[in-house]
Each structure stands twice: as structure tokens, then as C-alpha cells.
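Here, each number is a calculation from the coordinates, and none is a lab measurement. The shown structure was predicted, so the numbers you read here are calculated from the model rather than taken from an experiment. Virtual Cβ from ideal backbone geometry, glycine too; neighbours counted across all protein chains shown.
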Amino acid sequence: MNTLLTRYSSALLPLLVAVLGVLEAARAAGTSTLVDWQTLTQIGLLLAGTGVIYWLPLVHSRWQGAAKTGAAILFAVISAVVAVAPDGHFTKANAILVLTAVVKAVATQLGVTIRVDAAKTDAAQQLQPAVYEASTVDYRTEQGD
């Protein structure tokens with residue numbers, strides 16, 4: 001698999017999901033709903049969450065994506081609270097952005113899995129001994145009469 005994709009998949013996949021989610025929210029809501037403070041805060045949370053996911057390292061434990069996926073889940077919860085808490089009103093744009101944050105958390109874990117599996121495959125290939133193909137040469141020659 002492409003090295004760039006495997007190395008940065010835990011940040012690229014959530015970024016792609018965030019961009020598509022924001023565009024879908026803009027399309028569905030129109031400019032009047034998109035410009036309110038709740039929606040703008042959710043968009044900021046999506047982008048900030050993507051940055052945090054990029055900068056957080058993989059954890060050396062059984063669940064290596066604990067920090068990255070945990071941060072994505074935390075940002076999804078904060079996004080839901082921002083959408084509902086102030087006035088209890090939940091617009092279509094807010095719903096799309098909360099759904100985007102949840103899908104972004106899943107995409108983060110998928111990206112971590114791609115990265116970890118690629119690293120495991122590389123490590124396994126380095127541990128395998130090199131197998132060289134040997135050819136045999138028959139030094140006995142037949143003398144033609």
C-alpha cells in the first residue's frame with residue numbers, strides 16, 4: 001500500500017470525512033442556519049479534532065488508537081453538546097455535523113488500523129529470512145564423439 005496513505009491515514013480519513021460533512025451541512029442548511037454560532041463552533045471542533053488526531057501519537061498498548069480515537073469520540077460528544085445544550089434546538093445542519101463527528105471517529109480508528117497493520121506487515125517481512133534461489137550447474141559435460 002502507498003506509504004503516504006498508510007502513514008497518514010489516521011488523519012487523512014477523518015479530514016476527508018470532516019470536509020464532506022461540512023459541505024453536506026452547508027448544502028442542506030443553507031446560509032442562514034450555517035452562520036449561527038452553534039454550527040460554526042461545530043465546524044471549528046471538526047477541524048480542531050482533525051488537528052489533534054494528527055498530532056497525537058499512537059499509544060504503545062493493546063489498543064494503539066486509544067488516544068487518537070478517544071480524542072475523536074470526545075470531540076463528537078462536545079459537538080453534540082454544543083448542538084443541543086444552549087436552546088435544545090437541533091437543526092438539520094447540527095445533526096449532519098454531529099453525525100459527521102461520529103463517522104470521523106470511526107474513520108480515525110480505521111486509519112489507525114491501516115497504519116498499525118501496515119507496520120506489522122513490514123515488521124513481519126523484516127523478520128523473515130531472505131531466501132535465495134540457488135541454481136545448480138552440472139559440471140559433467142557430455143563429450144560428443
Checklist entry - Which FRET efficiency value, to the nearest 0.05, do you get for ALA48 and THR3 by plugging their Cβ-Cβ distance into 1/(1 + (r/R0)^6) with R0 = 35 Å? => result 0.80
Checklist outcome for this item: Quick calc, region 1-108, dipole around Cα centre from Cβ unit charges on Lys, Arg (+) and Asp, Glu (-), nearest 20 debye, gives 360
Checklist entry - Between ALA28 and VAL116, what length comes free when the chain is fully extended (0.36 nm per residue of separation minus the Cα-Cα distance, one decimal in nm)? => result 28.1 nm
Next on the checklist: So if each residue of separation counts as 0.36 nm, and I subtract the Cα-Cα distance between VAL59 and VAL106, what length gain in nm does that give?
Outcome noted: 15.2 nm
